[in-house]
1. Restricting to segment D:343-369, and then to whatever is within 16 Å of D:Val290 (Cβ to Cβ) and surrounded by 17 or more Cβ atoms within 10 Å (Cβ to Cβ), can you tell me which residue is nearest to the other protein chains (Cβ to nearest Cβ)?
2. Which one of these is among the aliphatic types (A, V, I, L, M), more than 20 Å from A:Ile3 (Cα to Cα), surrounded by fewer than 21 Cβ atoms within 10 Å (Cβ to Cβ) and more than 14 Å from chain D (Cβ to nearest Cβ): A:Ala225, A:Ala199, A:Ala221?
3. Taking C:Val372 as the residue in question, decide whether it is surrounded by fewer than 20 Cβ atoms within 10 Å (Cβ to Cβ) and in contact with a strand residue (DSSP E or B) (Cβ under 8 Å, 6 or more places away or on another chain).
4. Identify, please: which residue in segment C:156-198 is of a type in the set (A, V, I, L, M) and in contact with a Pro (Cβ under 9 Å, 6 or more places away or on another chain) and is, among those, surrounded by the fewest Cβ atoms within 10 Å (Cβ to Cβ)?
5. Answer yes if at least one residue in segment B:185-195 is more than 15 Å from the chain's Cα centre (by Cα) and modelled with pLDDT of 95 or more, and no otherwise.
6. Test A:Leu194 against the stated conditions and say whether it is under 25 Å from D:Ala112 (Cα atoms), among the aliphatic types (A, V, I, L, M), in contact with a strand residue (DSSP E or B) (Cβ under 7 Å, 6 or more places away or on another chain) and more than 13 Å from every other protein chain (Cβ to nearest Cβ).
7. So B:Val137 fits all but one of (1) crowded, with 24+ Cβ neighbours inside 10 Å; (2) at the interface with another protein chain (Cβ under 7 Å from one of its Cβ atoms); what number is the exception?
8. Could you list, in sequence order, all residues of segment D:127-145 that are not β-branched (Val, Ile, Thr) and not in a loop (DSSP other than H, G, I, E, B)?
Amino acid sequence: MSIFVNADTRLLVQGITGREGEFHSAAMLEYGTNIVAGVTPGKGGQTALDGRVPVYDTVADAVGQTGANASCIFVPAAFAPDAMLEASAARVPLVICITEGVPVLDMLRVHHVLKANGTRLIGPNCPGLTSVGEAKVGISPGDIHRRGPVGLVSRSGTLTYEVVQAMTDAGLGQTTCVGIGGDPIVGTSFIDVLAAFNADPETEAIVMIGEIGGEEEEKAAAFCAREVRKPMAAFIAGRTAPPGRRMGHAGAIISSGGGGTAESKRSALEAAGIHVADSPSHIPRLLHDAGVG
Amino acid sequence: MSIFVNADTRLLVQGITGREGEFHSAAMLEYGTNIVAGVTPGKGGQTALDGRVPVYDTVADAVGQTGANASCIFVPAAFAPDAMLEASAARVPLVICITEGVPVLDMLRVHHVLKANGTRLIGPNCPGLTSVGEAKVGISPGDIHRRGPVGLVSRSGTLTYEVVQAMTDAGLGQTTCVGIGGDPIVGTSFIDVLAAFNADPETEAIVMIGEIGGEEEEKAAAFCAREVRKPMAAFIAGRTAPPGRRMGHAGAIISSGGGGTAESKRSALEAAGIHVADSPSHIPRLLHDAGVG
Amino acid sequence: MKLQEYRSKEILARHGVPLLAGETATTPAEARAAAERIGGAVVVKAQVLVGGRGKAGGVKLAATPAEAEARAGDILGMDIKGITVQTVLVAPAADIAKEFYLGLILDRAARAITVIASAEGGVEIEETAKTNPGAILRLPLHPLLGLQEFETRRIGFFLGIPADLRRDFATVMRGLYAAFVESDADLAEINPLVVTDDGRLLALDAKITLDDSALPRHPDLEAMRDLNEEEPSEIAAREAGISFIKLDGSIGCMVNGAGLAMTTMDLVKLAGGEPANFLDIGGGAKADRVAAAFRIILDDPNVKAILVNIFGGITRGDEVAHGIVEARSQLHREVPMVVRIVGTNSDEAKPILARANLITADSLDDAAAKAVEAAR
Amino acid sequence: MKLQEYRSKEILARHGVPLLAGETATTPAEARAAAERIGGAVVVKAQVLVGGRGKAGGVKLAATPAEAEARAGDILGMDIKGITVQTVLVAPAADIAKEFYLGLILDRAARAITVIASAEGGVEIEETAKTNPGAILRLPLHPLLGLQEFETRRIGFFLGIPADLRRDFATVMRGLYAAFVESDADLAEINPLVVTDDGRLLALDAKITLDDSALPRHPDLEAMRDLNEEEPSEIAAREAGISFIKLDGSIGCMVNGAGLAMTTMDLVKLAGGEPANFLDIGGGAKADRVAAAFRIILDDPNVKAILVNIFGGITRGDEVAHGIVEARSQLHREVPMVVRIVGTNSDEAKPILARANLITADSLDDAAAKAVEAAR
């Protein structure tokens, strides 16, 4: 099994005719993801990707016509909040927002509304997720994955690929790899994903990739100590990050008060019995040591 | 048993030092209602009602100090939305708003927020409710009631008293009498109250008093046909009301398109097997005919 | 409270909705002058708050100022469903290529502000709802978020707004929504919203109804009330803080509480009479308000008897009785009066009423029967 | 983006928060002139974005314009935590009877805007949080409703605002909230908010930090950026669309992706080196941005080696390699360069890099070690 998306996912892409949307939709199709519809206001009735995907003016139309049950959003930051609200209002149960740079006050509102609607949001500012061999949603490179027993959750993009590649190279395959995004407010938290992996019978071990800023890793560590009995390994980026500076990701900032450091997160994880790697390349070994693979 | 309030209710009164609030709080105390606190901003630390009730500046303080679990609101219409939000934010699970004349767009927001918070709101523009012999919350005259097997729900004030008096005179006592309010948007609907009466073992029969406007009575009729097996009697006010005019209550208006008439509601109830009285005075007889009392 | 077309348009224009405002006129000469200022063909439209003015001949085209004067002459003074036309709106005529209906309502069932849109503009939406319900889009808006861009797009695509007018349509939609919310409306509709032959999007007619409960915070809108179209008795009642609606029967009703007031009317009818009014005197039944209520009821020459029904509740019945007797003593016209008082000390109320020659009754049914009898 | 005190006050004043704005000065003479215009005693305050300026001697009272000139002379040019003071704010002095802390933060954990209030004003809130956490009220606001009156009252009662200033406090609270929301802030604080001896409520100091992601929709706020306090290299990077932060080490880093960039820095440190910067070149690693990134890195004379780490993913590794070689050929300064490219066609990338005398590496650990070695 896998979490959140699988071979039954009927994906809609919002912004499918944009440069990014089209490029990554092609890669998703190539991976085997079942893209059933695209949405670009004003291009309803056309098709995208060499006639393979019908385009609609609104998400409501797309859902009504195709039964799409997940939406991947590639629209620019200024329009992404509206796109997320549109998908949720059309009762799409899973929304993955790739867009970076969404203003955080917009995200507060969107997060609250989507949660009340029962919509699961992944992102924004995330690479998406891949249920290996079933569906790839977002911008991750598909070929680095290999099906196997490990679930992965991360706040990063390329750092995630780095870890996945290291695992695949070491013969450790994945069930689902989820990038939850690097913004201060994201729809799906570490705990949400960890709980899903914990409940997934095929996922035998879990890798968690955190970074400086906020306290979600600390909360996740407490959750793991309480709930998770599967082997885990972790990595936290940003041990050398200076305080008070935004390290690329809007959410990656050690507060001036000293909260959100890599050390704080590493100790919380270790206190929960989770081994924390010093380098992404050490993760396969930590998993092997824990009896995985 | 009774619904919504009972002898364990710890009541808070918002606006307790105002003219209306003080007058009716005295009557509630006299009835035996357990008023544990009052709130009037700026009068925190004082007492009301001859020293019997401590007054706080905020609902949060009052709840923190007294464990109040219900609030009755007597503040003027311009401040009532804020008062409802304050009670809900302080996690008071039951809020009864007596105030008339709350702007309906304010109520839309308040209704939505309170529902999301899990706060039950009764009213606004309602007489409150009485669980006979246990607690009277609001402005109903206490002495018209008599404990017995009938639950009553109504959109009106004095019309409710009229029916209660008729029942009491006929020897038919009540469990709880709930006035849900005469506004277009009220917190608790007929169906909510009917469901509670249906689940209450002491309530053997139910009386429902509706009036023109909206379609809540029609929905309630469908609900009763589906769910309620207890004997019922009903009355609908406004058979002679002209269309397009607001009949006192903000919610009592037959739409220009012809929706919300007394006849529409009467037929819906009768189609659900519920006898509808031509006069409030006939209700005891209808109940007797149904084997109640 | 209903607003006249020209007032509704004022509000919409203030929120950026494109329209041809025109000018109001209360005489044919004013209408001619307005048509001259406007230039070209105009429409002369009766400003009345009742529906169906078009069918009644209250809307006319005029090609010239002279014609505008003539048409205004026809329309001013005309009776439309009992209302005498006192004002016309003279507005530029538009060549219509396409008509839409666009409205916002306070949707009680959905507990939301709901957009109602139809590509069948120019007809009443209730009509379309019967003949072609599939042509109507109903879209409830989130009560805290309000109108969002995606909703505006969806409505525009549903209506088939031409691509080059989509931006203008968003302006209309945003303006209509802002007008609704900022005025505390419970209805705001543009019907028709048109595309003209020269490709403009315009609100040709508009109707806004306000939430009476919110009027206290909108003195500017309260000032738009058209007293010409209200019963003088209803105006007097409002000023006295009494909820009153004039009807055609002969039995005046004075009741405390809206539900009980309607019930009292219903029982009068059931007893074979016809209520002359709805009247809710409110809580407490204070002496001055009782007096005002009597005056308002008796100003109606049709009234042959009065039925007073007060469920005192916590208020003392004997005090209410004294108030009624006192108020009655000051009246200019005498009709039979049936008084029923229930509540604390209601037994003490009866002798007070009887001494003043008022008919008393125990039950409401009895009171209604006696009132009908007394009015014969 | 952090705003200077005087900018923050500008924004608060625009939203109705009562304060003594004062004037900025960049020379002692300007400070004297400002003090003359203001009249009476003034405070001369260094405008720097780092904390602790008071302890560093950056805030001084001046009783006369001559004193203001002298104090401004002391402060201008002063070094506060590495920042040279270029501007002072000359503001009227206030006699303080009581000080409060009042702030709004973007609260990640609560996913809300949270009010933070403390009756211990004038000290940093983090300090109060340690010494007297009970003195702090944290109140998360509803994300869709925003600040409500009852919340304002509660905060006022918590702080013990005198009854006659409650209305003014509501103005402050509403203004602070409006400033936060309308500026897309992630921090807005007034510290201290004071009651003066003559009973006025005033914001004496203010700090606003803006959400960088929202700056594109606030060109007016973007214009308030103080370039004097930024590293020139960071300004250049921002203009090139590169996320860059200057550090003190000797190994320049060029990476795609923020998490991987931090990881690369961490591994440099783990290998015994010190990173000279954080640099995320973003998606695609386009040639012009690669060139700009190299220039920015090499402008730092401390840089002795560069570590390039590109996880190409879908992007083709050979194209990235060509871009790097091309960009490097145009550089003014040569340092050893370790390049690691992963992703599609990464094997094809290696000979291209090797031909250009670039050091290649397979793993990131290996790359970090080679870079540290090369920098020695």
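The values are calculated or read from the model by the stated rules, or taken from the named source; none is laboratory data. Remember, it's a predicted structure, so these values are computed and weren't measured experimentally. Glycine also receives a Cβ, built like all others from the backbone with ideal geometry; neighbour counts cover every protein chain displayed.
1. Applying the first criterion (within 16 Å of D:Val290 (Cβ to Cβ)) to segment D:343-369 yields D:343, D:349, D:352-353, D:356, D:358.
With the extra rule that they be surrounded by 17 or more Cβ atoms within 10 Å (Cβ to Cβ), the set shrinks to D:343, D:349, D:352-353, D:358.
Details: D:Gly343: 6, D:Ala349: 15, D:Ile352: 20, D:Leu353: 19, D:Leu358: 20 Å.
So, considering only residues that are within 16 Å of D:Val290 (Cβ to Cβ) and surrounded by 17 or more Cβ atoms within 10 Å (Cβ to Cβ), the one nearest to the other protein chains (Cβ to nearest Cβ) is D:Gly343.
2. Numbers: A:Ala199 fails: more than 20 Å from A:Ile3 (Cα to Cα); A:Ala221 fails: surrounded by fewer than 21 Cβ atoms within 10 Å (Cβ to Cβ).
None of the other options fit; the residue is A:Ala225.
3. Answer is no for this residue.
4. This residue is C:Val195.
5. Scanning segment B:185-195 turns up no residue that is more than 15 Å from the chain's Cα centre (by Cα) and modelled with pLDDT of 95 or more.
6. Values: under 25 Å from D:Ala112 (Cα atoms): yes; among the aliphatic types (A, V, I, L, M): yes; in contact with a strand residue (DSSP E or B) (Cβ under 7 Å, 6 or more places away or on another chain): yes; more than 13 Å from every other protein chain (Cβ to nearest Cβ): yes.
It is true that A:Leu194 is under 25 Å from D:Ala112 (Cα atoms), among the aliphatic types (A, V, I, L, M), in contact with a strand residue (DSSP E or B) (Cβ under 7 Å, 6 or more places away or on another chain) and more than 13 Å from every other protein chain (Cβ to nearest Cβ).
7. Just one mismatch for B:Val137, condition (2).
8. Selection gives D:Glu127, D:Ala129, D:Lys130, D:Pro133, D:Gly134, D:Ala135, D:Leu137, D:Arg138, D:Leu139, D:Pro140.
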